[in-house]
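Just below is one structure, and these are the notes that go with it.
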Amino acid sequence: MDLNSMILQISFIIMYSKMMAYGFVGQEERKCKYLRVDKLLKIRCYDMNLKEVPPYLKTSVEVLDLSFNRIKKLKRSSFQPYKNIKFLLLYENMIQSVEPGSFAYLTSLQEIDLSNNALMTIPLEIFQLPALRNLYVDSNELLYLSSDLEARALEVPIQAPLEYLNIADCGLQDIPDLGILPKLWHINASMNPLMDLSIERFASMCNLKSIDLTRSELTPCHCQQVNNHLRMVEVKTKFVPVCLETMDTATCPLPYNYTINSNDFIACKNSIKLAEKRSMWLFVTGCAGGILTVLLIMWLCIHRRRKKSVKKLRASALQRRSLVISPKNAINKRDHQLNYNHNDDLLSCDTA
């Protein structure tokens with residue numbers, strides 16, 4: 001191999017690697033992997049230097065992994081072809097802005113991971129997704145979240161049935177006010193300053209089971225109030241800072257008037273009871289409907305069998321009617337045969 005060909009090959013390799021690094025290689029050269037995970041179609045486009053959501057994937061995708069790429073902006077049309085997505089992984093990108101309506105088509109979305117991006121706020125339309133249970137937005141500088149919640153007047157209660165919320169390391173001074181969250185059982189707000197924490201936020205989380213507030217900068221009063229409230233509602237305090245001093249209730253009032261005795265807490269509990277009654281009613285209705293369906297099928301089967309048996313009986317009766325001779329007709333026929341034979345005998349005698 002001569003020197004010129006070696007130089008050409010080395011130049012091609014360097015150019016190809018640069019194109020891969022900056023995302024200029026064609027779609028045919030960078031294929032996503034198609035998998036089946038728990039009967040769900042998963043497409044893994046992990047660490048492929050993508051600059052946007054690829055529009056050429058299977059539209060029936062249910063788990064879409066776009067993590068560790070170079071996506072900076074989500075457009076309104078980004079997820080329009082993929083309306084069946086249930087789990088969306090977008091962590092470790094460079095997402096700075098999200099166009100309004102980018103998530104409007106994802107009505108089946110149950111979990112979204114937007115952690116480790118460059119977001120300054122959470123797109124409020126996410127909170128109106130009807131199936132969203134898990135939301136990860138940790139490690140984003142959400143400096144404008146509180147002002148957006150106030151200025152844009154988030155519609156509460158939100159439609160998303162949030163159960164798990166991760167807002168760790170987002171530079172938050174307070175837990176965001178998302179209205180009543182009756183299904184939320186865990187929130188991770190660790191590594192946030194939380195210097196302006198409002199104890200009233202806990203009133204809207206009446207179903208809370210655990211919370212992570214490690215490496216937060218709670219004031220001594222807030223620390224005491226949070227611990228008192230969490231112990232009262234039997235929430236795990238393993239990841240809650242331990243208060244170094246006990247403050248007098250005159251200086252740091254008990255939190256119960258702002259939490260368990262507040263209207264928000266009562267409304268949250270009532271919504272849970274209403275949801276339980278609704279689910280019980282749906283269960284009873286479903287059982288009754290199933291029983292009625294079974295009975296209807298049984299009745300149809302019995303009715304069909306009876307119809308068939310009646311048809312058979314009618315057919316056999318018609319056959320028997322054509323074969324049976326009445327006694328009167330049988331006697332007349334016998335007398336006629338006897339008379340006929342007697343005359344024949346007489347004629348034969350006379351002839352002889």
Task: Relative packing of 265-275, 245-255, which averages over residues the other C-beta atoms within 10 Å, highest first - done: 265-275, 245-255
Task: Centre separation in Å (Cα based) which lies between segment 163-188 and segment 203-270 - done: 14 Å
Open item on the list: Please report the antiparallel percentage of the DSSP beta bridges confined to segment 29-273, to the nearest 5.
Closed with: 15 percent
Task: Radius 14 Å from Cβ of PHE283, net charge of other residues (Lys, Arg +1; Asp, Glu -1) - done: +1
- [ ] Along Cα→Cβ, 7 Å out, is where each label goes; now give me the distance between the ones at SER198 and MET280 in nm to one decimal.
- [x] 3.4 nm
Open item on the list: Which lysines, if any, have their Cα less than 19 Å from the Cα of LYS312, not counting same-chain residues under 8 positions apart?
Closed with: none
Open item on the list: Taking 32 Å as the cut-off for C-alpha to C-alpha distance, list the pairs among LYS39/LYS238; LYS72/LYS238; LYS42/LYS183; LYS42/LYS72; LYS86/LYS209 that go past it.
Closed with: LYS39/LYS238; LYS72/LYS238
TODO: Amide H neighbours of LEU41 under 5 Å, at least 5 residues apart or on other chains, H built in the peptide plane: list them.
DONE: GLU62, VAL63
Task: Nitroxide proxy distance, nm - points 7 Å out along Cα→Cβ at GLU141 and TRP185 - done: 3.6 nm
Open item on the list: Quick check: net charge around ASP138, other residues with Cβ under 10 Å of its Cβ, Lys/Arg +1 and Asp/Glu -1?
Closed with: -2
Open item on the list: Under the 0.36 nm per residue contour assumption, what length would be gained going from the current alpha-carbon distance of ARG70 and LEU292 to full extension?
Closed with: 74.3 nm
Task: Full-stretch length increase - GLN128, ASP38 - with 0.36 nm per residue and alpha-carbon distance subtracted - done: 29.7 nm
Task: Selection of chymotrypsin sites (Phe, Trp or Tyr not before Pro), segment 80-155, meeting DSSP coil and at most 14 other Cβ within 10 Å - done: TYR144
Open item on the list: Cβ neighbours within 10 Å, averaged per peptide: list 148-159, 60-71 in order, most packed at the top.
Closed with: 60-71, 148-159
- [ ] Using a 1.4 angstrom probe on the protein heavy atoms only, line up TYR56, TYR34 by accessible area, largest first.
- [x] TYR34, TYR56
- [ ] Extending each Cα 7 Å along its Cβ direction at SER309 and LYS209, get the distance between those two points in nm, one decimal.
- [x] 5.5 nm
Task: TRP281, TRP185, TRP299, reordered so the largest accessible area comes first (probe 1.4 Å) - done: TRP281, TRP299, TRP185
Task: segment 32-72: antiparallel DSSP beta bridges as a percent of all, rounded to 5 - done: 60 percent
Task: Summed side-chain charge close to ALA118 - residues other than ALA118 whose Cβ falls under 12 Å, Lys, Arg +1, Asp, Glu -1 - done: +1
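The values are calculated or read from the model by the stated rules, or taken from the named source; none is laboratory data. Quantities reported herein were computed from a predicted structural model and do not represent experimental measurements. Counting neighbours? That spans all protein chains shown, and the Cβs are built from the backbone with ideal geometry, glycine included. These area figures cover heavy atoms from the full protein model, side chains too; ligands, DNA and RNA do not enter into them. Shrake-Rupley method; radii C 1.70, N 1.55, O 1.52, S 1.80 Å.
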